[in-house]
Structures are given as structure tokens and as C-alpha cells.
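Following: one structure in C-alpha cells, then a few remarks.
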Amino acid sequence: MKIIKLLMAVVVIALLFSNCEYNFIVPVEVPPIDPGDTTKVSFSEEIIPIFNDGNYCTSCHAGNIPPDLTPDNAYAEINNAKYINKETPEESLIYTYPHPDTDTHQRKKYNSAQAAKILRWIEQGAMNN
Amino acid sequence: MKKSILLLLLTGFVCSYSFAQEEETESYPVTVFESNYLVDDQTTMVFDKKTLGYAIQHKFGTMNNGISDLWGIYGAGRDIRLGLEYVPVKNLQLGIGITKTKMYTDLSAKYRIFQQTDDNSVPVSLAVYGVLAIDGRSDDSFESGTVIPGKSDTIPQAISFTNRWSYFSQVMVSRKFTEWLSVQVGGSYTHYNMVKMDENHDLWGAHALAKVKISPQSSITFNYNQPLKIEAISEQPTMPDYKPSMAIGWQIATYTHAFQIYISNAPSMVPQENMMYNTRSFDKDGIAIGFTITRLWNF
């Protein structure tokens with residue numbers, strides 16, 4: 001009887017492990033940036049949509065949970081030393097906190113293309129353009 | 001291959017168990033650990049048949065901001081897990097849990113194959129443990145939201161339900177050496193069905209737990225989990241940086257309750273996540289306060 005139960009347990013555990021797959025997540029293409037390229041990332045046309053399209057960030061960050069990332073308030077909210085570090089743009093909280101490779105902010109992360117765009121925008125002076 | 005090794009190991013235990021059965025002596029089982037949780041790991045302990053256990057686990061933010069956020073307690077909380085465990089037949093624990101990190105839902109099974117006895121006819125307790133966790137985040141959390149079955153494949157497929165699965169299986173051996181000292185060691189295998197391009201799917205690990213009793217109800221607890229960087233099974237040219245995790249804690253246990261508070265650098269409470277994705281070291285930037293509260297009900 002004991003043996004039967006034991007075998008049952010073995011079967012249950014074996015079943016749990018019977019579905020090993022070896023998939024890789026396909027990353028979003030990050031367009032390579034040509035160093036001579038001086039086109040500015042536009043806050044209103046390229047950054048706001050990251051926050052707002054499909055309520056990607058604004059489903060939560062719309063007033064109650066800082067930072068407020070709604071189109072009308074986002075710039076005023078993040079244009080300060082807490083979120084943006086103009087000296088070392090890679091250390092800006094708005095870039096690092098939801099970055100795909102950090103372990104902060106598990107709720108939602110940028111994909112690599114979005115992260116690259118945010119970084120470039122800060123590197124160019126984080127302007128309200 | 002790995003599956004068959006696991007099965008072989010398990011059947012090996014079945015055989016040795018049937019031998020142990022034949023000796024009929026007056027011996028009593030020893031309680032090596034009072035709770036099925038030690039810090040955030042599982043012990044060989046399985047509670048009595050027809051008992052339901054409820055676990056609340058919490059990890060606060062890291063302690064590096066000091067008093068400004070009361071060592072992480074007011075900070076952004078790192079992880080929360082709610083778990084239920086039930087023992088339908090003697091020595092078999094089935095569990096289910098939900099975790100904030102990656103919105104994991106985990107299903108687990110633990111079987112205690114034998115238990116240490118007071119006359120040392122069985123010198124150690126031995127258990128096997130398996131966890132299946134399902135990543136519950138939306139598809140847009142995974143970069144392009146598509147996967148390829150191998151690195152050289154070119155046709156991306158939409159993420160399927162089983163892609164979100166990950167496994168953790170562990171063999172653990174424990175012994176109560178003296179009235180005050182209990183130790184457990186273990187080996188584990190972690191597998192993720194879907195990983196990023198520069199990560200591995202498989203990871204082996206070594207584990208150690210210890211409990212030092214300081215009064216009838218309270219103990220000092222330790223755990224240590226070491227991911228093993230085995231080049232032979234690495235799919236990557238450079239080995240990902242797996243960080244060991246450890247904890248020091250204090251446990252107060254009664255028959256139906258266990259309260260544990262600890263300091264740990266493990267990011268989560270889901271074992272495969274802690275093995276595969278710990279980026280923090282056991283230093284002032286990496287440690288956080290956490291607790292585990294368990295409550296048992298008999299039916």
C-alpha cells in the first residue's frame with residue numbers, strides 16, 4: 001500500500017516535469033544608432049507613446065502612483081533630479097527602474113527598444129520637444 | 001536525459017525504502033524541523049495527514065536607504081507570496097501559491113520518503129520536492145512577445161501557455177544532530193521553458209539549511225543556495241552571472257504556528273526564480289528584511 005502511494009507521488013512529480021521546452025524570447029530589434037545622427041528624439045511623439053499607448057504605463061501611473069505619466073503631466077513630473085540624471089543618463093531612475101535587465105519594477109518593463117529610446121532622449125538633454 | 005536521471009534517483013529511493021520497512025523495531029520519528037518552511041525554502045518536514053497549511057511570505061525593499069525608508073519597510077516592497085499546502089496522504093504535501101514577482105502561480109509536490117528516528121535505525125530524513133511555476137505576466141512583458149524554439153530558428157511563434165512554465169526539483173536530506181542543531185542539505189535542478197537570448201534554460205544547484213535552537217520555541221535559522229556554474233550544460237559562450245543567496249533568521253514555532261523573520265538577498269520566494277535570477281549580493285545594497293508566517297489547521 002505504502003509502495004503504491006509512493007509510486008503515485010513519483011508519477012505526479014514526473015508528470016510535473018514532462019514538458020521541458022528550450023525556447024528563446026525574441027528581443028525587439030533596437031535600431032543601431034549612427035553616431036553622426038543628430039535627429040532628436042521627440043518627447044511628445046516618441047516618449048509619450050511609450051507611457052501612454054494602450055495605457056502601457058498610465059494604467060497605473062495616472063496620478064495616484066508617482067510618477068504621473070499621463071501626456072499632460074509627464075514632462076513636468078519627471079523633469080527633475082529624482083528621475084533624470086543628465087550627468088550620467090544611464091543612472092536616471094526613469095530609465096533604470098523599468099529597464100528590462102534590472103530586477104526593480106516587476107510589474108511592467110520597457111522592452112529593449114523603448115529603453116534605448118528613453119536613454120537617447122535623456123542623453124540629448126531630456127527636452128520637452 | 002535529465003528526466004530519466006530524476007526518475008532513476010526516485011526509483012532508487014523506492015527500493016531502499018522497502019528494505020527499511022522490513023525491520024520492525026520500536027522507534028519514533030524525530031522532528032527535524034518544526035515548519036515546512038525555513039526562511040523561504042522548504043524543509044523535509046511534511047505535516048500530519050489531512051492538515052491544511054497557510055503561508056504568508058513577504059519581502060520588503062532593500063535595506064540600503066537606511067532610516068529614510070526604515071530599512072526598506074516603507075520602501076517599495078519587493079515580493080509577496082500567499083501559499084496553501086495540504087497533506088492528503090501521509091508524507092505527501094501538495095501546494096499552490098501566488099507570487100507578486102512575475103505574477104507566478106506555483107504548484108508543488110513534496111514527498112517525504114523516510115524520516116529520521118530516535119534510535120537512529122533511520123539516521124536522516126529524506127524528501128523530494130518539485131515546483132511548477134507559471135509566469136502570469138502579459139505577453140508584452142516578454143520583449144517582442146514571441147519565441148523561437150532554437151537560437152538558429154528564424155520563424156518566431158507567439159508565446160504559448162507552456163512556454164511560461166518553469167520547474168524546480170530538489171532532493172533534500174536532513175538530520176537533527178543534537179537537541180539544538182538540525183541541518184539539511186540538498187541538490188536541485190531548475191529549468192525554464194523560455195529564457196532571453198543570453199540566458200540558460202537549465203541550472204543545477206546546491207542547498208544548505210540549518211536551525212540552531214535557542215529556547216523551546218525559538219531558533220536561529222540559516223540558509224544558503226548556490227547555483228552551480230557547469231560549463232558543460234551552458235548554452236551560452238559566457239556563463240550568466242548566477243549569484244548565491246543566503247539568509248539569517250529567527251524562528252518562533254508552535255505546533256500550529258511558525259513565525260520567521262529574516263534578512264536575505266534572495267529576490268523572491270519562488271525557488272527557481274531565486275536560483276536563476278538573483279542579481280543581488282549579501283551586502284548592504286542587496287539584503288532585505290522578510291518574514292514567513294505559517295498557520296496549520298487539522299481536519
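The values are calculated or read from the model by the stated rules, or taken from the named source; none is laboratory data. Since this is a predicted model, take the numbers as computed values, not measurements. Neighbour counts run over all protein chains shown; Cβ positions are idealised from the backbone, glycine included. We work out accessible area using only protein heavy atoms, side chains counted, and drop any ligands, DNA or RNA first. Shrake-Rupley method; radii C 1.70, N 1.55, O 1.52, S 1.80 Å.
Scanning segment B:77-107 for residues that are open to solvent by 50 Å² or more (accessible area, probe 1.4 Å) and at the interface with another protein chain (Cβ under 10 Å from one of its Cβ atoms) yields B:Lys90, B:Leu94, B:Lys100, B:Met103, B:Leu107. On inspection, A:Tyr110 does not qualify as open to solvent by 60 Å² or more (accessible area, probe 1.4 Å) and more than 30 Å from B:Gly130 (Cα to Cα).
Of the residues making up segment A:32-72, those that are open to solvent by 60 Å² or more (accessible area, probe 1.4 Å) and either at positive phi or within 14 Å of chain B (Cβ to nearest Cβ) (or both) are A:Asp53, A:Gly54, A:Asn55, A:Ser59, A:Cys60, A:Ile65, A:Pro66.
Looking for something in contact with a Phe, Trp or Tyr (Cβ under 7 Å, 6 or more places away or on another chain) and open to solvent by 10 Å² or more (accessible area, probe 1.4 Å) - is there at least one such residue anywhere in segment B:27-41? Looking for residues that are in contact with a Phe, Trp or Tyr (Cβ under 7 Å, 6 or more places away or on another chain) and open to solvent by 10 Å² or more (accessible area, probe 1.4 Å), one finds none in segment B:27-41, hence no.
Within the option set B:Asp140, B:Asp119, being in a loop (DSSP other than H, G, I, E, B) and open to solvent by 50 Å² or more (accessible area, probe 1.4 Å) holds for one residue only, B:Asp119. Screening segment B:199-299 for strands (runs of 3 or more DSSP E) wholly inside it with 1 or more residues that are open to solvent by 60 Å² or more (accessible area, probe 1.4 Å) and without any contact (Cβ under 8 Å) to a residue 24 or more places away in the chain returns the ranges B:218-228. Screening B:Ala158 against (1) within 14 Å of another protein chain (Cβ to nearest Cβ); (2) of a type in the set (A, V, I, L, M); (3) surrounded by 21 or more Cβ atoms within 10 Å (Cβ to Cβ) leaves a single unmet condition, (3). Looking only at residues in segment B:45-67 that are in contact with a Gly (Cβ under 9 Å, 6 or more places away or on another chain) and within 14 Å of another protein chain (Cβ to nearest Cβ), the one that is nearest to B:Pro267 (Cα to Cα) is B:Lys59.
Taking B:Lys110 as the residue in question, decide whether it is touching a residue at least 60 places away in the same chain (Cβ under 8 Å), outside any strand (DSSP E or B) and within 11 Å of chain A (Cβ to nearest Cβ). Spell out how you get there, then give the answer.
Details: touching a residue at least 60 places away in the same chain (Cβ under 8 Å): yes; outside any strand (DSSP E or B): no; within 11 Å of chain A (Cβ to nearest Cβ): yes.
So B:Lys110 does not fit the description; no.
Restricting B:Ser125, B:Ser121 to residues that are more than 21 Å from B:Met276 (Cβ to Cβ) and touching an Asp or Glu at 6+ places or on another chain (Cβ under 7 Å) narrows the list to B:Ser121.
For every residue, the table says whether it meets (1) touching a helix residue (DSSP H, G or I) at 6+ places or on another chain (Cβ under 8 Å); (2) modelled with pLDDT of 70 or more; (3) in a loop (DSSP other than H, G, I, E, B).
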position: A:Ile3; (1), (2), (3): yes, no, no
position: A:Met8; (1), (2), (3): no, no, no
position: A:Pro31; (1), (2), (3): yes, yes, yes
position: A:Thr38; (1), (2), (3): no, yes, yes
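Only one of the numbered conditions (1) in contact with a helix residue (DSSP H, G or I) (Cβ under 7 Å, 6 or more places away or on another chain); (2) within 14 Å of chain A (Cβ to nearest Cβ); (3) modelled with pLDDT of 50 or more is not met by B:Trp71, and that is (2).
The condition of being at pLDDT 95 or above and out of contact with any Leu (no Cβ under 7 Å at 6 or more places or on another chain) holds for only one of B:Tyr277, B:Tyr224, that being B:Tyr224.
Given the structure, is B:Ser174 in contact (Cβ under 8 Å) with a residue 12 or more places away in the chain and either on the phi > 0 side of the Ramachandran plot or touching a strand residue (DSSP E or B) at 6+ places or on another chain (Cβ under 9 Å) (or both)? So that I can check it myself, show each step before the final result.
Working: in contact (Cβ under 8 Å) with a residue 12 or more places away in the chain: yes; either on the phi > 0 side of the Ramachandran plot or touching a strand residue (DSSP E or B) at 6+ places or on another chain (Cβ under 9 Å) (or both): yes.
Yes.
Is it true that some residue in segment B:181-189 is within 22 Å of A:Ile25 (Cβ to Cβ) and modelled with pLDDT under 95? Quick ask: steps written out before the conclusion?
As a first pass, look at segment B:181-189 and keep what is within 22 Å of A:Ile25 (Cβ to Cβ): B:189.
From what is left, the residues that are modelled with pLDDT under 95 are B:189.
Looking through segment B:181-189, at least one residue is within 22 Å of A:Ile25 (Cβ to Cβ) and modelled with pLDDT under 95.
Note on segment A:81-96: residues that are in a loop (DSSP other than H, G, I, E, B) and open to solvent by less than 60 Å² (accessible area, probe 1.4 Å) amount to 5.
Please tell me if B:Ser125 is among the hydroxyl-bearing types (Ser, Thr, Tyr), farther than 24 Å from B:Lys243 by Cα and either over 14 Å from the mean Cα position of the chain (by Cα) or buried (at least 18 other Cβ atoms within 10 Å of the Cβ) (or both). Considered against the rule, which asks whether it is among the hydroxyl-bearing types (Ser, Thr, Tyr), farther than 24 Å from B:Lys243 by Cα and either over 14 Å from the mean Cα position of the chain (by Cα) or buried (at least 18 other Cβ atoms within 10 Å of the Cβ) (or both), B:Ser125 comes out as yes.
Here is a yes/no grid of residues against (1) over 30 Å from B:Phe47 (Cβ atoms); (2) over 15 Å from the mean Cα position of the chain (by Cα):
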residue	(1), (2)
B:Trp204	no, no
B:His207	no, no
B:Ser219	no, yes
B:Phe222	no, no
B:Ile248	no, yes
B:Thr256	no, yes
B:Ser281	yes, yes
